[in-house]
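Step one of this worksheet: look at the structure below.
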């Protein structure tokens, strides 16, 4: 087991200044953010939050913070924070008729409704809903499985278009739980460690890391490596900051990523730029892949993607150099061609010999990590649930797995789109109980949000936990519980739920909870205690006990919360070329954790699942190529999902400073396009697809092509009428996105490529 490295010379975890201010070092689960862990110094005086600064001794973020953390005081003390449990009558859903109740009454109501549901309708009628960010995603499975005993864990992002498709491609072709760009995260000396090598090139595909991951794990580390000489290839329909500094910017037509990836493979193979030795020893199906990519010559790919043929060739020649690395993001997931894009890109870096080498693509270990359910019966449990992997013992399986059986091979949640169908039809059974946390679906996650809103209102009982009132809570909840910020609770942070090693940190509370707020983890443990008062299940005594139980499951972490608390963050060295050392396979033999023991360019797993074992391209279903009948009325393409520094999906809209920076939902329009439609800077416009329309403020910029508009996502107006659901349906761009237009195995959808028109509001 690797040794954890602590900075023994770092400042104390708590320092007292001359004026009595205490400075607390901690890691952040973000002001609405991924659970990756920026380093913070929290200044507290007389029990009050004074300010937040970056912790320059954090080896990852190195003192840098985004504007969301710098405005954390506004967030923490905001007048609209939920401070105590509330309830209302079911018939008052959508009305601002909340009544304050005690925690005992709120929890007892939840438990009573849960027991009533199970007794009368069975465990299949129970569901647990979660989004992303904070610690919620870490305990989603435990809340669903180990507390409420249900397999219906719901993450209602169409086609599971958030990380899961990428992970599926990684697992089904390479047997790795996560593959990411090597940024030396595990070495105490970072870039100075002689074992690390600076990549010659990084391919940044469908990711804007400075905005989406400003924590240094992906964002600032790219800039740091650029300063060391690394060059960029950027694939993005927009000209972002990194694209302006790239050797090659592949500004493709939205939705054509799969064709472009296959075109790059074509160049590498046709020009004999691949690593023959690695291909011969460690890959399976190269000859078949070589035949497949002949179908995607550069000129054809250029025609499909609208990327210059010479740029495609130049990019491929750069990537073929070693070491080179890959950073692919959410845009890969938000495409019905998602698995094939991931398969093609991973194959590209495999055949060039850039897998698991210094400065290449670092491979995570097979998926044994925190955030998973116990997956085993507990003898002492006295009726406790037996584990998510045992779903057959309760007579149901996660909703939609009959329609999309590949889901069962990658994640034990319901299929998002099939979940809506069940809510609308009550087939095969009716969902009657829902518990939701870290979740604001009708503002952010779901396509066709009005349908989801009406469908969720049909659930008999709905409880939520959150920090602020949201449109989803206002519209559908019966009980709401006030959740705590990371300032007020214990927790842990890691890389992609520890599926990729390198660093491990802890969240150390610096402030007492405001009002009656409680951490999501504490709420979960209390529900468990009340449901199973005689439980002796290890790890469920208190938050620290639970965190320790999760840490113990991680392959490379030999530490407790108390150990980490003394230092805030630890690093652990990564191993390169694990496939040579028998570190990827359960049998300890050299090779990869796949059926063939090799990287499967020809995927036997995909073949068994009923898909093409080789990567291929699917034209977006609603493009002008697929639907010329739509092109005349809807001549433009709308893409969405790009991040802003000022928000995390639908969060942070009520923070005054952040709203001053970015006040309104915005559509980016090329100036020439805007001129054609008589649109000026700041004009309010409608963006309309065949499915709906949304209101946006126009920003004229040449960073988008004349044929493309780019819309903000996750918008609602907290200052608006709560009984009009904060105007969410006026501004939520997901109304333009179709329901259940997924890829062949149920993954991905059209968040990035829908036909649209624009006109002044």
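The values are calculated or read from the model by the stated rules, or taken from the named source; none is laboratory data. Please read these numbers as outputs of a predicted model, since none were measured by experiment. Counting neighbours? That spans all protein chains shown, and the Cβs are built from the backbone with ideal geometry, glycine included.
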For residue 719, state whether it is touching a residue at least 12 places away in the same chain (Cβ under 8 Å), farther than 19 Å from residue 451 by Cα and surrounded by fewer than 20 Cβ atoms within 10 Å (Cβ to Cβ).
yes
Identify, please: which residue in segment 450-462 is under 24 Å from the mean Cα position of the chain (by Cα) and surrounded by fewer than 24 Cβ atoms within 10 Å (Cβ to Cβ) and is, among those, nearest to residue 116 (Cα to Cα)?
453
What tally of residues in segment 734-761 results from selecting those that are touching a strand residue (DSSP E or B) at 6+ places or on another chain (Cβ under 9 Å), assigned to a loop (DSSP other than H, G, I, E, B) and surrounded by fewer than 24 Cβ atoms within 10 Å (Cβ to Cβ)?
2
Scanning segment 98-136 for residues that are assigned to a strand (DSSP E or B) and within 29 Å of the chain's Cα centre (by Cα) gives 126, 127, 128, 129, 130
So the strands (runs of 3 or more DSSP E) completely within segment 417-523 holding 1 or more residues that are free of Cβ contacts under 8 Å to residues at least 60 places away in the same chain are 461-466
Enumeration of residues in segment 711-733 that are touching a helix residue (DSSP H, G or I) at 6+ places or on another chain (Cβ under 7 Å) and in a helix (DSSP H, G or I)
722, 725, 726, 728, 729
Being crowded, with 19+ Cβ neighbours inside 10 Å, closer than 25 Å to residue 743 by Cα and modelled with pLDDT of 95 or more is true for just one of 332, 234. Which residue is that?
234
Of the residues in segment 540-582 that are modelled with pLDDT of 90 or more and within 29 Å of residue 283 (Cβ to Cβ), the one that is surrounded by the most Cβ atoms within 10 Å (Cβ to Cβ) is 579
Taking the condition without any contact (Cβ under 8 Å) to a residue 60 or more places away in the chain, part of a loop (DSSP other than H, G, I, E, B) and either assigned by TED's automatic domain parsing to the domain that holds residue 307 or under 27 Å from residue 705 (Cα atoms) (or both), does residue 176 pass?
no
Check off (1) in contact with a helix residue (DSSP H, G or I) (Cβ under 7 Å, 6 or more places away or on another chain); (2) assigned to a loop (DSSP other than H, G, I, E, B); (3) surrounded by 15 or more Cβ atoms within 10 Å (Cβ to Cβ) for residue 95 and give me the number that stays unchecked.
(3)
Selection from segment 583-596 of residues crowded, with 16+ Cβ neighbours inside 10 Å and touching a residue at least 12 places away in the same chain (Cβ under 8 Å) yields 583, 584, 585, 591, 592, 593, 594, 596
Taking the stated definitions as given, is residue 296 assigned to a loop (DSSP other than H, G, I, E, B), outside the structural domain of residue 700 (by TED's automatic domain parsing), more than 24 Å from residue 705 (Cβ to Cβ) and touching a helix residue (DSSP H, G or I) at 6+ places or on another chain (Cβ under 6 Å)?
no
Checking residue 652 against (1) farther than 26 Å from residue 235 by Cβ; (2) surrounded by 23 or more Cβ atoms within 10 Å (Cβ to Cβ); (3) at pLDDT 95 or above, only one condition comes out false. Which one?
(3)
If you go through segment 119-131 one residue at a time, do you hit one that is more than 30 Å from residue 16 (Cα to Cα) and free of Cβ contacts under 8 Å to residues at least 60 places away in the same chain?
yes
Quick one: in segment 397-416, which of the residues that are surrounded by fewer than 21 Cβ atoms within 10 Å (Cβ to Cβ) and outside any loop (DSSP other than H, G, I, E, B) is modelled with the highest pLDDT?
405
Give me the residue from segment 485-506 that is buried (at least 24 other Cβ atoms within 10 Å of the Cβ) and out of contact with any strand residue (DSSP E or B) (no Cβ under 8 Å at 6 or more places or on another chain) and, out of that set, modelled with the lowest pLDDT.
499
The listed residue being more than 25 Å from residue 731 (Cβ to Cβ), under 24 Å from the mean Cα position of the chain (by Cα), at pLDDT 95 or above and not assigned by TED's automatic domain parsing to the domain that holds residue 648, out of 482, 471:
482
Selection within segment 98-155 - out of contact with any strand residue (DSSP E or B) (no Cβ under 9 Å at 6 or more places or on another chain), surrounded by 15 or more Cβ atoms within 10 Å (Cβ to Cβ) and under 27 Å from residue 508 (Cα atoms)
142, 146
